[in-house]
Amino acid sequence: GGGRAIWGAGTLTLCLKPGAAPGPFLEKALRERAREHFLRRLEALAPLLGVSVPPLALSSARTRWGSCSTKSGVRLNWRLIHFPEAVVDYVVIHELAHLRHMNHGPRFWSLVEAGCPDYRRRRVELQQLAAHIPHW
């Protein structure tokens, strides 16, 4: 290809051939990092909610951070990788809770709260961060 990505401690270095646009390489590197991180969080959090680890797919939806289907598993927006882990965990827990309750009723929210006691604060933080998400 026209370049590669090298992850360091808190840094990402893109090595590009002259004239190569950085956008696609940056997105590919972030998607790979997102997949690894989200899988680790699904594996850690699923047992807390009493569900098995679902299949993971990445999305790039402009307005949705996650979705869940009992058939296809959990889809998480790769752009969540820009956000703090506590916010990522809230979205992961929200989607995992849907594996038991495919609605937003009281039992759903009590399960979210069991996995994420300060979910209300994290939900507000997610909304605030979403207003400033980088788009390219």
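The values are calculated or read from the model by the stated rules, or taken from the named source; none is laboratory data. The model shown is predicted, which means the values in this text are computed figures rather than measured ones. Every residue, glycine as well, gets a Cβ built from its backbone with ideal geometry; the counts of neighbours run over all protein chains shown. The accessibility values were calculated without ligands, DNA or RNA, using every heavy atom of the protein model including side chains. Shrake-Rupley method; radii C 1.70, N 1.55, O 1.52, S 1.80 Å.
Distance between the modelled labels on Ala21 and Trp7, one decimal in nanometres: 2.5 nm (7 Å Cα→Cβ projection). All Cα-Cα distances of region 1-108, cut into 10 Å bins from zero to the largest, leave 14, 41, 27, 13, 4, 0 percent in each bin in turn. Solvent-accessible area of the chain (1.4 angstrom probe, protein heavy atoms only): carbon and sulfur portion equals 54 percent. Among Arg33, Arg122, Arg62, the largest mean-square fluctuation in a Gaussian network model of the chain, built with springs joining Cα atoms closer than 10 Å, belongs to Arg62. By definition, a body whose alpha carbon gyration tensor gives a ≥ b ≥ c is oblate when a/c is 1.5 or more and a/b is not larger than b/c, and region 36-83 fits this oblate description. Expressed as a fraction of 2.2 N^0.38 Å, the C-alpha radius of gyration for region 63-136 is 1.09.
Across region 12-136, the relative contact order, built from alpha-carbon pairs under 8 Å that are at least six residues apart, equals 22 percent. For region 3-48, the square roots a ≥ b ≥ c of the C-alpha gyration tensor eigenvalues yield an a/c of 1.5 or more together with a/b exceeding b/c, which makes the shape prolate. Sorted on the mean count of surrounding Cβ atoms within 10 Å across their residues, most packed first, peptides 75-82, 3-10 read 75-82, 3-10.
Couplings 3J(HN,Hα) of region 62-72, computed from phi: 7, 10, 10, 8, x, 8, 9, 9, 5, 7, 9 Hz, in residue order, whole Hz [Karplus 6.51 cos²θ - 1.76 cosθ + 1.60, θ = phi - 60°; x for Gly and Pro]. Dipole of region 13-104 (Lys/Arg Cβ +1, Asp/Glu Cβ -1, origin at the Cα centre): which of Ile81, Leu99, Gly23 lies farthest to the positive side? Towards the positive end, the residue furthest out is Gly23.
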